[in-house]
Structures are given as structure tokens and as C-alpha cells.
Amino acid sequence: MENSSHAAGIYYIDPVEGYVSICGVDKGFVPVCTSVDAVGHILKSGWYRVVNILMARGLTMPRKVQKVWPNFFLSRIPAAEFSNVDPILSKVKSYVTEAEARKGDQRLTDEQILDVSEDIHRKDTEAQKLERDKAKFDLDQATGKNKIY
């Protein structure tokens, strides 16, 4: 409803709690895939995500989804479409695509993870590097790796 006081999204009405938000969606057109920014914040929620949320919350069942969309579980919809051209994300995406083509899964190898982490560390500012070093020191101190006398 265009004039609703509620934010655009999908809700259900609980007899006790009233409006209960399921997830946000844009008014009008809802795309198939979810699009996200460089950090992973949702820019536009896709209907594939909405159906998965409904199933996860027990608000629908796979049998009912299959009845409405006969090929829903056969489709290969990507989890999200990133709307940027960040070289690190592009590299991760290419590694995932390679792994999926090779073995049918989406796991990165240890070498690929190290390669991506080196790219991230090179991109960090000095303040971020100092903060990371402090966090590592605090963790080592808390776990007993570093002892201060």
C-alpha cells in the first residue's frame, strides 16, 4: 500500500504482536536476485531471498513454494549481486566461480584466502594496521600467549 505508515517490506499480522516484519523490499518491482553494496549492505532485496526467509521462519513450506514456483529449487540463482567493481570482491568472486566449476562447491583454497587477505592488508591505512595489531595483542594477552610481568 502506497500510503501505509509502515516501511516497504513484507509483514504478517500476529494476533498478539500486530505487524511483524519479515524483511524489507522495495515498493513496486522486486528483482529475482538481491543486490548489495561493497560492504554487503542490501540495496535491493530479491524475491528469491524473500522466499528463503519465509521458509527459514517457518511461514511457508517447500511443498507450498514448489506449488507456486515449480522450478524454484532447480534454479541456480546467485545469492547476491554486488553492485561495485571492487578488485578484492572481483577476485573472491572469480575464485568462487573457479572452485564451483572445479569441484561443485564454493570454498576457497588456503592459498586463495591468503592471496585475498594480503590484498586487504595492502589496502589498509596505517590506523587500521595499528588497530589490528592492538586487537591481536589484546587477544594474545587474554588467551595467555603474551604474558606481561
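If you go through the range 135-143 one residue at a time, do you hit one that is modelled with pLDDT of 80 or more, open to solvent by less than 70 Å² (accessible area, probe 1.4 Å), within 30 Å of Asp26 (Cα to Cα) and not in a loop (DSSP other than H, G, I, E, B)?
Looking through the range 135-143, none of the residues is modelled with pLDDT of 80 or more, open to solvent by less than 70 Å² (accessible area, probe 1.4 Å), within 30 Å of Asp26 (Cα to Cα) and not in a loop (DSSP other than H, G, I, E, B).
Against the condition at pLDDT 75 or above and open to solvent by less than 40 Å² (accessible area, probe 1.4 Å), how does Gly9 come out, does it pass?
Working: at pLDDT 75 or above: yes; open to solvent by less than 40 Å² (accessible area, probe 1.4 Å): yes.
Yes, satisfied.
With respect to Val65, is the statement that it is open to solvent by less than 60 Å² (accessible area, probe 1.4 Å) and at pLDDT 85 or above true?
Answer is yes for this residue.
Suppose the filter is of a type in the set (Val, Ile, Thr) and at pLDDT below 85; does Ile53 pass it?
Answer is no for this residue.
The values are calculated or read from the model by the stated rules, or taken from the named source; none is laboratory data. Everything numeric in this text was worked out from a predicted model, so none of it was measured. Remember, those area values only see protein heavy atoms, side chains included, never the ligands or the DNA or RNA. Shrake-Rupley method; radii C 1.70, N 1.55, O 1.52, S 1.80 Å.
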